[in-house]
1. Sum up the charges of everything whose Cβ sits under 13 Å from the Cβ of B:M237, counting Lys and Arg as +1 and Asp and Glu as -1, but leave B:M237 out.
2. Just A:S103, A:S147, A:S244 to compare: in a GNM of chain A, with alpha carbon springs under 10 Å, which one fluctuates most?
3. Sequence-distant or interchain residues sharing an amide H contact under 5 Å with A:G39, placed H: which?
4. Rounded to two decimal places and with Rh computed the Kirkwood way over Cα pairs, what is Rg over Rh for the stretch A:159-266?
5. Mind jotting down the three principal axis lengths of chain A based on Cα atoms? Whole angstrom, largest first.
6. Out of every Cα pair in the stretch B:59-267, what percent are spaced more than 21 Å from each other?
7. Is it possible to state the helix-based mean residue ellipticity at 222 nm for chain A, with each DSSP H run of 4+ residues giving -39500 (n - 2.57), the sum divided by total residues, to the nearest 500 deg cm²/dmol? What is it?
8. Can you work out the FRET efficiency for the pair B:D44 and A:Y55, with r the C-beta to C-beta distance and R0 = 51 Å, to the nearest 0.05?
Amino acid sequence: MNRKHKYKWNGYLYILPMCLSVLFFWYGPVLLSAVFSLGSYSALKPFQFTGMGNYTALFSDKYFIRALSNTFIWVLGVVPAQTVLAFFSACWIAGKKSSFLASLVRKVMFIPSVASVTVIGIVCRLMLNSPQSPVNALLGIFGGSASNLLGSETTALPTLMLIEVLVNTGYYMIFFLTSLMEIPESYYEAARMDGAGAFRICTQIQIPLLKPVFIMIIFLGLIQGFRTFDLVYTTTGGGPGQASMTAVVYLYMQNFKFSQIGYAMAIGNILVVIVALLTFLQRRLLKNKENSLY
Amino acid sequence: MKKVCGVMLDLFFLTLAFIMVFPFLYMLVVSFQETYSPYLLSFDPADYSLDNYFLLFQRSGFFLWVRNSFLVSISGVLLTLAICSTAGYAFAKLRFPGNDRIFFFLFAAMAIPFPATVVPLWIIMGKVGIASTMASLILPVPTFLGVILFRQAFLSIPGDMIESAKIDGCTDFQTFAAVVLPLVRSTVMSVAIIYFARSWNSLLWPMIMAGGDYNRTLPVGLAAMQDLYVVNYGLSMAGAVINFLPPFIVYLLLQKYFIQGVVSSGLKA
């Protein structure tokens, strides 16, 4: 049978709306922004072509370097933390099956994902930044303090990262959970009969079977991490100083506060290139076609 | 020993869950009071009232904002489901030249941070003539994440099912709509919840697109309100609670399909 060469040309029709949408709403603006980034464009002056001027300026802009390194720190901290926490939460919930406690925790953990990050940011800013806040009193019992978490240079970024992990864990946990629940009970029984303890079951059965999910979640986490904006902007605005400035927040400020639109577009393009490179690298490293993301 | 470990784990996750939900409890408690300090809270039930909520309802345009938000979010979700399920199906099950390459190309678009596209998009929308309309808020809702989720789900459907549908004489679309789609109900629900919450809570884009009170969505309206009043934290929190309710209710209604759909699809022959 000549099956192998029979293509389904109507496939193009199925993907057409999505292609159009992505082209119009994402690639189109990126191209336009690439054009803008090659010059200076602000609300006050018309567009002036300056070639790679913006890019060279960026490399010597210490604020940008700080923002970019903060973003890398963010990604390197947040992504493993939320992936691991999401996985173990899913394991714990799946293990408890139909207990009321597990079902409650499962429902509750997803709630932050359903809420507006802006509001979470505002509440966190109120809770974590004053000696009068009840959280400060609570942490005081354990010897910690919440009187200036978001206002201090050393703790601002880590605190934000922690908040982000807590918000995202519930979201990614669902992905792990749905895949975990598909593992047939017989696998566990066989393992227990062979004398495997909980740890062995986890590492030998669950993690290998969930490998595609891990890859997908690390991937989505990376992409989200580089784009992080809402939480940082509403809580600290990048402050104090530049302590918690991330790349996209810097972009936003250049764009809307300082009206350096060309410059901001250059930042955007650099970010796109970085993430595209990472995507490409990951694809190369994991040439697993079967059940995988790509 | 095992029991102690078990109990400690239980405590850990319970605490974690509590921390995650704490900001919302705070929001709720403050919304019932009139307070100008975020910390001076009263736990005396006599001080609690729905005044803040009534104040909000009386604000002109409030119900308009709510209506707009519903319009945008529901249309956005329906659009997303339509576009992403078909695209996900094609990428997973239909063979055509460049399937992988196109997938990767569209996937790469997710790397683009949204604030980078806002200004050019605003310019483009203006030129095309749909800036400040509902369409400009609804059309950008579908993103490639939905396609990834659907594709993942469709990939795990065995090819035999599709084969037998073909043998029974179904066209591609019938196979898709009548046979395959019902099998991924949990994914449909997940995508619905995620995109409803996203479009409901989005602030930056509707703020830029809004042409005036009649076009504002709820978050934008609430944000605009912040600047006009002396900060009554109770009022802000009441707004936040109202803004939180629709995605939360949608979540409560649909979340049982998350798990149920997975389990039942595993049992199907």
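Just so it is clear, none of the values below were taken in a lab; they were calculated from the coordinates. Bear in mind that the values here come from a model prediction, so they are computed numbers and not experimental data. Note that each Cβ is placed from the backbone with ideal geometry, even for glycine, and that neighbours are counted across all protein chains shown.
1. -2
2. Result: A:S103 has the largest fluctuation of those listed.
3. Here A:T50 satisfy the definition.
4. On the Cα set of the stretch A:159-266, Rg over Rh gives 1.22.
5. 74, 73, 29
6. So the portion of pairs separated by more than 21 Å is 61 percent.
7. Calculated mean residue ellipticity at 222 nm is -20500 deg cm²/dmol.
8. 0.25
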